[in-house]
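Notes to accompany the following structure.
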Amino acid sequence: MARVLVGVKRVIDYAVKIRVKPDHSGVVTDGVKHSMNPFCEIAVEEAVRLKEKKVIKEVVAVSCGPQQVQETIRTALAMGADRGIHVEVSGKDYEALGPLQVSKILAALAKKEEAKMVILGKQAIDDDCNQTGQMTAALLDWPQGTFASEVAVEGDTVKVVREIDGGLETIKINLPAVVTADLRLNTPRYATLPNIMKAKKKKIAKVKPADLGVDLTSRVEVLRVDEPPQRQAGGSGTGVESEECTDTQEGLCLGDGPNQGGPVSHGDWDKPEPEPGPEPLCVCDPAPPVSTESEQWDTVL
Amino acid sequence: MTFILLRQTCLRTLNRTGAALQSRIDQRTYAARGGTLERVVSAFRAVTGDDGVSLGATVREQHGKDESAHSCQPPDVVVWPHSVEEVSALAKICHHHRIPIIPFGTGTGLEGGVSAIKGGVCFSLGKMDRVVDLHQDDFDVTVEPGVTRKALNSYLRGTGLWFPVDPGADASLCGMAATSASGTNAVRYGTMRENVLNLEVVLADGTIFHTAGRGRRSRKTSAGYNLTNLFVGSEGTLGILTKATLRLYGIPEAVVSAVCSFPSVQAAVDSTVQILQAGIPIARIEFLDDVMIDACNRYSALSYSVAPTLFLEFHGSERSLEEQVTITEEITRGNGGSDFSWARDAETRGRLWKARHDVWYAALALRPGCKGYSTDVCVPISRLPQIIVETKEDLTKNRLTGPIAGHVGDGNFHCLMVMDPSDPDEVQRVHHFTERLARRALALDGTCTGEHGVGLGKRALLREEVGPLTMEVMQGLKATLDPKNLMNPGKVL
């Protein structure tokens, strides 16, 4: 019977507040909580369910990275995977590791392990690339069922219901195939203590990318990482003196009254919408007084 | 290009206007204290930074109410400390100026515990949200007040551990400790009282101490007075809880849910007692009365038989579950139970328990446009049939809508009163009904509040429940720990 390969990625935990490094070379990862990419959890769950339904025989969890990714593989084992493969990548190679390199590794492993299916999360929550599944299928020349919200194996084919912009698309693809898991595919189980104990005894094989004949050279160089621009605070205005309006380029002094000076796009100004009125407010008009005076401050201490 | 210049101009202008407005707010005088609040606010800012203090009306309103029907009583200021040291410094300032302190977690309480009826400063503790110390092998973890129960369980998901106390809302764990909260699986895992090992507390005068000693987390202890359980349930009237060390449990290997209907309330409760007596470590045992089931059928388009119903959940290994379910089915059949159905996988279990999950909304849907209020009495299990039957008679006689849902394994049940807030007669009748219900429970050796707390509305009932001498002891403790009565005044006592 069939064997399924599941890729799992170790990422910064979704609940952590991300901080950019002071040198803007990346985000802070030291001492920060990491866990399995949520879409990879869904992929593992689907693979384990296929095994429980006896559609497939063995689930192999794969992760690429330094020593720490073994924790992620152990979590997959605790969820029900049978054995793990740790592809050792560290240092600069790990920093430059991207979907192209990972898909080459997964393609090589899928051939080596004679897998019938490769199940991956649709994307990782750190890079949001959404490329690895597709590239892996292309390298293997296998069909792909991406954004799967339902997977049903029927003999030598798989029926995949895909989540697309217009709704749901149902396709039938031949095995072997690559499937990527979307959010609604299933609800992953929590690893229980007894299963965590059992997982400690399951095997994790170590492999180097060179052994698989994979070249890790990246064609992408990260130049700089920045936080999104800070949202400016809005303010309540009671009116603007005309001398504040300094812009007279192109004859566009807005002190001339409403609707002069072309369309005013409030969306560009990063401030909350003013009170809705019959026409867009011109800032140089005396705006209606904002009543904050009505608060009751008469508490007795 | 033009618009960029325009935008910069306008932002500068708005900032200046905003600043002018803010300083006008800051200079506002307050009724009794004159410039005190102004001085105090600048002292607060020195501790927390400018963004840690707010006088905004909307912010204060949000911090003056919880999920109860009590009206909003906003505090004068809201502060967001970032650490226990800041909490202590802020408390010292309040203590010096005699300003009330109201701790605030998630505002999901049900008894008006955060209403600032005497004004004061709301300490909104949500920014202190670290999981500080997890000891997987020892099954304990220490959390700050901003950590909610769902956030903690999400944090723990890879470890095989969980914190099982699950009140309806996604509440702050320290808030749950403050109200001695409980959940649907208290029958097996206990309430907050049994699951808090240690607390870090800041008293009204700024003193920081640990109820069991710093860093202590032993499963059991006989060292000194049990201060931990003094503060559990104190509802912010004795001190501010800034860290809680909690006891964790292993995530159950397998879960089975079941549902069974009964011909009478007595039959359902008898089954509950017998299940517990049989030593079955049942995890959840929830009771819905016929009115509630009918409401759920209508709301969720289900087809349960309209009769008193038990919703059961079993945790354990695969083999032990088979045994538990078999014995339980025998017991329920012996009491006239019918339609016993059970499920193993997550999705079917969810569907089976859907009625139980939707009770609040199903009750409200009985009379659209009305508000809901939940009663919360708890009696010894053997008294449950009597109190439920009498309560249902009371509801019918007074033409009140009050479907019943309860944690029958603890003897705790809730009447989900649905009332029209614009009908003063009905509001009166509901009010009197809840008092009668509480007194009925007290007469049966029970308590007026099983899990929601005393808060604002049940202080008179507390006095009736514990009696004048016990009240004196409680008041003595309060006077010792908070002599100026600054900690959440007007609540509990």
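The values are calculated or read from the model by the stated rules, or taken from the named source; none is laboratory data. All figures in this text were calculated on a predicted structure; none of them were measured in a lab. Don't worry about glycine lacking a Cβ; one is built from the backbone with ideal geometry, like all the others, and counts go over all protein chains shown. Protein only, heavy atoms only, side chains kept; ligands, DNA and RNA dropped before computing areas. Shrake-Rupley method; radii C 1.70, N 1.55, O 1.52, S 1.80 Å.
If you bin every alpha carbon distance in region B:33-96 into 5 Å steps from zero, what whole percent lands in each bin? Each 5 Å bin holds this share of Cα pairs: 4, 17, 24, 23, 18, 9, 4, 0.
For a modelled paramagnetic label at B:SER382, 7 Å from Cα along Cα-to-Cβ, the residues of region B:314-346 in reach, with backbone nitrogen under 20 Å, are B:335. Estimated at 0.36 nm per residue, the fully extended path between B:ARG367 and B:ARG459 surpasses their Cα-Cα distance by 30.1 nm.
The apolar share of the surface of region B:315-401, taken as the fraction of accessible area on carbon and sulfur atoms (1.4 Å probe, ligands and nucleic acids excluded), comes to 52 percent. Take the protein assembly as shown with all the other protein chains still there, run a 1.4 Å probe, and you get 47 Å² of accessible area per residue. Helix B:318-334 and the longest principal axis of the C-alpha atoms of chain B enclose an angle of approximately 60°. A simple spin-label model places the labels of B:ARG333 and B:ARG219 3.8 nm from each other, with each point 7 Å out along Cα-to-Cβ.
The residue list A:THR192, A:LEU109, A:THR136 was ranked by how far each Cα lies along the charge dipole of region A:57-213 toward its positive end, using unit charges on Cβ atoms, and A:THR192 comes out on top. Over all orientations, region B:214-313 has a Cα convex hull whose mean projected area works out to 11.0 square nanometres. Among the chymotrypsin sites (Phe, Trp or Tyr not before Pro) in region B:339-410, none is located in a DSSP loop while being surrounded by at most 16 other Cβ atoms within 10 Å of its own Cβ.
With kT/(6 pi eta Rh) evaluated at 10 °C and eta = 1.306 mPa s, and Rh the Kirkwood radius from Cα pairs, region B:254-356 diffuses with a coefficient of 117 µm²/s according to Stokes-Einstein. The loop-placed GluC sites (Glu not before Pro) in region A:58-144, going by DSSP, that have at most 13 neighbouring Cβ atoms within 10 Å of their Cβ come out as A:GLU114. Given +1 at the Cβ of Lys and Arg, -1 at the Cβ of Asp and Glu and no other charges, the dipole of region B:131-249 around its Cα centre is 280 debye to the nearest 20. Taking the square roots of five times each eigenvalue of the Cα gyration tensor of region B:361-443, the equivalent ellipsoid has semi-axes of 22, 14, 10 Å, listed largest first.
Summing Cβ point charges (Lys, Arg +1; Asp, Glu -1) relative to the Cα centre of the protein assembly as shown gives a dipole of roughly 2460 debye.
Here chain B was treated as a single set of alpha-carbon atoms; its pair distances binned every 20 Å from 0 give 22, 51, 24, 3, 0 percent.
Between 0 and 90 degrees, the angle of helix B:424-443 with respect to the longest Cα principal axis of chain B falls at about 70 degrees.
Once the C-beta distance of B:ALA443 and B:TRP360 is scaled by a Förster radius of 30 Å, the resulting FRET efficiency is 0.60 to the nearest 0.05. In this structure, the residue pairs whose Cα-Cα separation is over 25 Å, taken from A:LYS57/A:LYS203; A:LYS198/B:LYS243; A:LYS57/A:LYS202; A:LYS51/A:LYS203; A:LYS116/A:LYS208, are A:LYS198/B:LYS243. What is the sum of charges around B:VAL131, taking Lys and Arg as +1, Asp and Glu as -1, for the other residues whose C-beta is under 10 Å from the C-beta of B:VAL131? Surrounding charge for B:VAL131 is -1.
Check the straight Cα-Cα distances from B:LYS491 and name the lysines below 18 Å, setting aside those fewer than 8 residues away within the same chain. Straight-distance partners of B:LYS491: B:LYS65, B:LYS118, B:LYS458, B:LYS478.
Kirkwood analysis of the Cα pair distances in region A:180-233 returns a hydrodynamic radius of 17.6 Å. The aspartates and glutamates whose alpha-carbon is closer than 18 Å to the alpha-carbon of A:LYS111, local same-chain residues fewer than 8 away aside, are A:GLU58, A:ASP141, A:ASP156, A:ASP211, A:ASP215.
Note on chain B: helix-only mean residue ellipticity at 222 nm, from DSSP H runs of 4+ residues weighted -39500 (n - 2.57) and normalised by residue number, equals -12500 deg cm²/dmol. Ranked from largest, the principal axis spans of the Cα set of region B:131-249 equal 39, 29, 25 Å. Using only side-chain charges placed at the Cβ, +1 for Lys and Arg and -1 for Asp and Glu, the dipole size of region B:254-356 relative to its Cα centre rounds to 240 debye. With a Förster radius of 25 Å applied to the beta-carbon distance between A:GLU113 and A:LYS200, the computed FRET efficiency rounds to 0.65. Listed values for region B:240-249 are Karplus-derived 3J(HN,Hα) couplings in whole Hz (6.51 cos²θ - 1.76 cosθ + 1.60, θ = phi - 60°), namely 9, 8, 10, 8, 10, 9, 10, 8, 9, 10, and x replaces Gly and Pro.
Interface size, chains B and A: roughly 3900 Å² of accessible area buried, both sides included, 1.4 Å probe, rounded to the nearest 100.
Between the beta carbons of A:ARG83 and B:GLU347, assuming R0 = 30 Å, the FRET efficiency works out to 0.60 to the nearest 0.05. The order of A:THR170, A:THR238, B:THR148 by accessible area, most exposed first and with a 1.4 Å probe, is A:THR170, A:THR238, B:THR148.
Within 10 Å of the Cβ of each residue in B:159-172, the mean number of Cβ atoms contributed by other protein chains is 2. Under 5 Å from the amide H of A:THR157 lie the amide H atoms of A:LEU175, each residue being 5 or more positions distant or on a separate chain, with H modelled from the backbone and absent for Pro and chain starts. For the protein assembly as shown, the orientation-averaged shadow of the C-alpha convex hull comes to 40.1 nm² (one quarter of the hull surface).
How about A:LYS17: which aspartates and glutamates have a C-alpha closer than 14 Å to its C-alpha, ignoring those fewer than 8 places off in the same chain? List returned: A:ASP30, A:ASP126, A:GLU227, B:ASP129. To the nearest ten degrees, helix B:2-26 and the longest principal axis of the Cα atoms of chain B are 90 degrees apart.
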